[in-house]
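Notes for the one structure printed next.
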Amino acid sequence: MMAMSEERSVGRMALKVVGTAVLILVFAYSLGVVVGASEALLEGRGGPARIARLAVALVSVAGCVWGVIYLRPWPRRDEPVAPRTRKANNLLLLSGVLGGVIGVALATATISMDEPLAMFSNGPIAPAIVVPVLAVWLLIVPLISWQWHRSVDEHEAEAYRFGGLAGLYLYAFLAPAWWLAARGGLVPAPDTMVIYAIVLGVWGIGWFWRRYR
């Protein structure tokens with residue numbers, strides 16, 4: 001019973017962290033829109049469309065803050081949590097926080113581009129932003145992932161591997177198919193980050209499906 005309780009606790013925390021990470025990304029994007037639109041209005045480049053965009057972005061920022069507070073991606077103090085489960089939960093929470101910091105940094109670096117989706121584009125970013133983000137992504141995130149794998153039980157690890165295998169198979173077919181279709185003039189050139197996002201999404205869906213089926 002205790003093992004099943006620990007599995008459910010880690011599973012709930014994983015869902016909360018994924019939801020929080022999505023909200024943080026939306027928050028970062030919305031914050032960039034708020035800053036960019038506000039800067040344009042202060043410079044006299046306003047208009048009904050820009051004012052409407054600013055209003056929607058402000059509502060989105062407030063909604064994301066409320067969503068994170070509602071999800072509460074942190075263990076309650078009054079809940080009995082095993083040390084192993086607490087460590088896995090804390091690592092998931094830390095990964096979500098780091099994802100949010102990276103998202104805010106990228107949004108801040110691209111607010112001057114005056115493009116709604118500049119954060120997700122392939123435009124240039126200042127090295128002062130890129131270098132710290134790369135350091136976190138290549139040094140800290142792998143360490144967190146390794147420690148998380150050491151903290152979860154076999155069922156959680158198997159579900160994670162299943163999602164990873166599903167993502168790998170998708171990548172094995174999607175990447176060359178897109179590349180060939182682009183060479184034939186059927187679609188635009190492959191976008192690395194779009195493929196990455198699709199594969200990661202399938203990985204996560206497979207992970208949670210296997211986890212709760």
note = Distance in nm between residue 144 and residue 200 label points, each 7 Å along Cα→Cβ, equals 1.1
query = Roughly speaking, what % of Cα-Cα pairs in the range 154-213 are separated by over 20 Å, rounded to a whole number?
reply = 35
ask   = So, in nm, how far is label residue 169 from label residue 126 when the simple model puts each one 7 Å beyond its Cα toward the Cβ?
value = 4.6
message = What does the extension gain come out to for residue 137 and residue 161, with contour length at 0.36 nm per residue minus their alpha carbon separation?
response = 6.6 nm
Mean Cβ count within 10 Å, highest first, over the residues of peptides 129-140, 50-61, 83-94 = 83-94, 50-61, 129-140
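All of the numbers you see were taken from the coordinates with simple rules; none came from a lab. All of these numbers come straight from a predicted model, not from anything done at the bench. So basically every Cβ, Gly included, is an ideal-geometry build from the backbone, and we count neighbours across all protein chains shown.
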